[in-house]
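Written below as structure tokens is the structure these notes are about.
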Amino acid sequence: MIIEITGVPGSGKSSIWRILEKKINKTKFVLGYNNIFNEIQLLVFYLYNHENNNRYNFIFSMILKSNNTLYHKLNIVRNVIKKIAIYSKYKDKKKIYIFDEGVSHLPFNVFVDSSKKKTSNIEISNFINRIPTPDLLLLINAGKKETTTRLKDRGHKRIDLSNDEKREVFISKSFIVRDQVIKYYKNNNKKYRIITNNDSIENAAKVAKNIIEKYKCIDRSELLK
């Protein structure tokens, strides 16, 4: 069973993931591989195991059309291949695997930038419809004030957060994507939970832990109904 953690940049998802890693037993926590040899293995795995349809061609075309720089477009393509390969590797296993920013996070990678070009809800929805979904999605939610403060504190590798206008556009697009992710999971009866993380990351992690512990007791076939 695959559980993924996602949310807008600055929502605290990775911090919560690290807390859960220390508190939940008999569960494998999975991060993307940064070792070049592991990434080559994932590329080979992807090439031999990806589905034979137009799903991923559409995804890659959307990445090329996005407003990201060429460097970030190539990096997103790399992440798509890596995340889909990791997902495919673990999806049919009986144990519970928890991913930080797995395939469910790809819409944030592709559609969130600081350009003035408007983000299309239809394109976001079509994109989400073509990526695999985890057995359970934990969407970490926070207000714009909180995410702005956190992003200012930590920075972001894709934009200059010292520029007020670019920062506001980036955050606004993040919440547009968040709303489309929630809408998709709700309308298609996908398993998801929203966890608010405004004031206390420890409390948010506690809520996430309780949800995961509950799902650990449910047969995987029940989750797919």
Cα gyration tensor shape for the range 65-176, rounded if a/c is under 1.5, else prolate or oblate
prolate
Kindly identify the range 114-219 as rounded, prolate or oblate by the Cα gyration tensor criterion: order the square roots of the eigenvalues as a ≥ b ≥ c, call it rounded if a/c is under 1.5, otherwise compare a/b with b/c, prolate if a/b is larger, else oblate.
oblate
Within 10 Å, count the other beta carbons around each residue, average over each peptide in 132-144, 188-200, and list them highest first.
132-144, 188-200
Hey, which lysines would be in cross-link range of Lys145, C-alpha to C-alpha under 19 Å, not counting anything within fewer than 8 residues on its own chain?
Lys13, Lys166, Lys173
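Each reported figure results from applying straightforward, stated rules to the coordinates on display, with no laboratory input. Keep in mind it's a predicted model, so treat the numbers as computed, not measured. Because the Cβ atoms are built from the backbone with ideal geometry, glycine has one as well, and the counts that use them run over all protein chains shown.
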